[in-house]
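Presented below is the structure to which this report refers.
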Amino acid sequence: MSLKASDISSIIKKQIQEFSKKDMNFTSEEGQILSVGDGIALVSGLDKAKLGELLDFGNGAYGIVLNLEEDAVGVALMSSQTSIKEGGKVKRTKEVVSVGVGDELIGRVLNALGEPIDGKNLKTTKKRTVFRIAPGVMTRESVNEPLETGLILVDSLVPIGKGQRELIIGDRQTGKTAIAIDTIINQKGKNVNCIYVAIGQKNSTIAQIVERLKIAGAMEYTTIVVAGASELSPLQYLAPYTGVTIAEEWMEKGKNVLIVYDDLTKHAISYRTLSLLLRRPAGREAYPGDVFYLHAQLLERAARVNKKHSGGSITALPIIETQSGDISAYIPTNVISITDGQIFTSESLFNSGQRPAVDVGFSVSRVGSSAQIKAMKQVTSSLKLELSQFNEMQAFAQFSSDLDDSTKKILEHGKRVYEILKQNQYSPLDQSIQIVILFSIKNKLIKDIPIEHMQSFKTKLINFMKKEKNGIELRKEISTKKEIDSQLEKRIFSVIKDFVDSFIKTLGIFDIQSGENN
Ligand code: ATP
Ligand code: MG
């Protein structure tokens, strides 16, 4: 007897149908641990488990499914409990990882799972899943509002807009964190919620940062998410996603949020550890093939959404650490290509006392300048050129002793500009004061001030602008007009000129009285 093709197919169909029925009765809700170690567990029997699902290991221990293999799943453990052993039972929760969100989180310090670690109770009413798709193209709007950092060098030359992703990149100990913290401090009273995500840092460093933010009154609008150096790599991997999930809830309510990821180098390293332990194939520098996606999916979630979709924004300041200034390494180039510009901090500038040590030549902001107010654009139009001219001349002047007058002028001016652009930590400047300082640079009003008195000049000018009637009025006018018309230009010029003259006069008196020249 011969079988027809249609018969064969009907037999196979029937078998498949019966198989799936049998399969339904099979309990795939509970599995068994095959192996466990280094924060990774291999679990068999969970053939229904989904990618990213939370598994219950008992005793309050959880893990996320990261690998779906043919006959086992690879799980990243969220706690290092000793009760998790080979042969132990694991249950599905059918939930993906989610964290509590909402205004209750303001002023709190959380771990990567969104649980409080500051010793106080926390009750949130809403939860959000941690891994989400970024806002689509049609819901977005271009960056059109400035996010002021309060750092004169950044706000003038590498301005940041709300919704932008600006990378802070540089060697270790070059003031990267300082730039981000100052930016958070500067958001006081500006109705911006801030989130600082600390990945792989020492707990003592984080404690200092929290203390600093408290002193500056910035904890009133800031949330801190911590996955310290001693914590498991799955938690370090999760922390930035937890941070951005909290931010998204606020953005959807129409708020502006600033989020700092300090730093993504350590995040990439924790992901590499995780992937190697999960036995994923290693690629360049032993990172897994999807390490680009790791950061792209995170940073794409920063956005400025349009009015129809709440009009909120998430501005992201990721930080990347380089090795001896090498920005062409794997992870730095990845993140540079994902972000809308970078602030490059240089070790040599930092060590020479130029702080914040922003290297003007390597730093760029691709969208922020469209968000700058007109007055700021007017006073910074020639600054970048002047500084790069100075840098070039200075290199050249090292080799020759007699210089022509125009070169000397550029050098003298450049030195004064760099001196006045130095700024201490925790002292962000208001935009109108920045504009006045930049105005005095542009119009060469500072040319007669001796370099060694530049800092005291700056301090006195800031005081004058904050406390004296003339200064306060000028600031008010700049803030309301947002543009320097010819009448305002004349006014600023005459007020600052008078101020400079009287400052130089006090120097003269001081010199005569003390009988020395410093
Ligand atoms: P790491 O690589 O360790 O994270 P970092 O690049 O984040 O370092 P910071 O921790 O911000 O650097 O700064 C390094 C040191 O320099 C700190 O002690 C800080 O107080 C100091 N510093 C940073 N910025 C300034 C500044 N503008 N003026 C004076 N000191 C500063
Ligand atoms: Mg740092």
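Brief remarks follow.
- Residue that is farthest from TYR261 (Cα to Cα) [pool: residues in the range 176-202 that are away from ligand 1 (no atom under 14 Å from the Cβ) and out of contact with any helix residue (DSSP H, G or I) (no Cβ under 8 Å at 6 or more places or on another chain)]: GLY189
- Residue within the range 232-253 that is under 18 Å from ILE168 (Cβ atoms), among the aromatic types (Phe, Trp, Tyr) and under 16 Å from the mean Cα position of the chain (by Cα) present: no
- Residues satisfying the stated conditions in the range 264-283, i.e. under 28 Å from SER35 (Cα atoms) and in a helix (DSSP H, G or I): LYS266, HIS267, ALA268, ILE269, SER270, TYR271, ARG272, THR273, LEU274, SER275, LEU276, LEU277
- Number of the exception - VAL257 against (1) of a type in the set (Val, Ile, Thr); (2) open to solvent by 40 Å² or more (accessible area, probe 1.4 Å); (3) away from ligand 2 (no atom under 16 Å from the Cβ): (2)
- Residues of the range 342-355 classified as buried (at least 20 other Cβ atoms within 10 Å of the Cβ) and away from ligand 2 (no atom under 16 Å from the Cβ), total: 1
- Residues satisfying the stated conditions in the range 297-312, i.e. open to solvent by 20 Å² or more (accessible area, probe 1.4 Å) and part of a helix (DSSP H, G or I): GLN297, LYS307, LYS308, HIS309
- Identity of the residue in the range 196-223, touching a Leu at 6+ places or on another chain (Cβ under 7 Å) and part of a strand (DSSP E or B), that ends up surrounded by the fewest Cβ atoms within 10 Å (Cβ to Cβ): THR223
- Odd one out for THR242 among (1) surrounded by fewer than 24 Cβ atoms within 10 Å (Cβ to Cβ); (2) over 15 Å from ILE106 (Cβ atoms); (3) away from ligand 2 (no atom under 16 Å from the Cβ); (4) not aromatic (Phe, Trp, Tyr): (1)
- Breaking point among (1) in contact with a strand residue (DSSP E or B) (Cβ under 8 Å, 6 or more places away or on another chain); (2) of a type in the set (Gly, Ala, Ser); (3) over 24 Å from THR345 (Cβ atoms), for ALA371: (3)
- Screening the candidates PHE396, PHE390 for the property of being open to solvent by 70 Å² or more (accessible area, probe 1.4 Å), at pLDDT below 95 and aromatic (Phe, Trp, Tyr) yields one hit, PHE396.
- Selection status of LEU51, in a loop (DSSP other than H, G, I, E, B), touching a Pro at 6+ places or on another chain (Cβ under 9 Å) and either free of Cβ contacts under 8 Å to residues at least 40 places away in the same chain or surrounded by fewer than 15 Cβ atoms within 10 Å (Cβ to Cβ) (or both): no
Residue by residue, here is whether (1) within 16 Å of ligand 1 (Cβ to nearest atom); (2) at pLDDT below 95 holds:
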site: SER313; (1), (2): no, no
site: ILE319; (1), (2): yes, no
site: THR322; (1), (2): yes, no
site: VAL335; (1), (2): yes, no
site: ILE343; (1), (2): yes, no
site: VAL367; (1), (2): no, yes
site: LEU383; (1), (2): no, yes
site: ASP402; (1), (2): no, yes
site: LEU411; (1), (2): no, yes
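The values are calculated or read from the model by the stated rules, or taken from the named source; none is laboratory data. Note that the structure is a prediction, hence the values are computed from the model and not measured. For neighbour counting, all protein chains shown are included, and Cβ atoms are generated from backbone atoms with ideal geometry for every residue, glycine included. Only protein heavy atoms, including side chains, enter the accessible area calculation; ligands, DNA and RNA are left aside. Shrake-Rupley method; radii C 1.70, N 1.55, O 1.52, S 1.80 Å.
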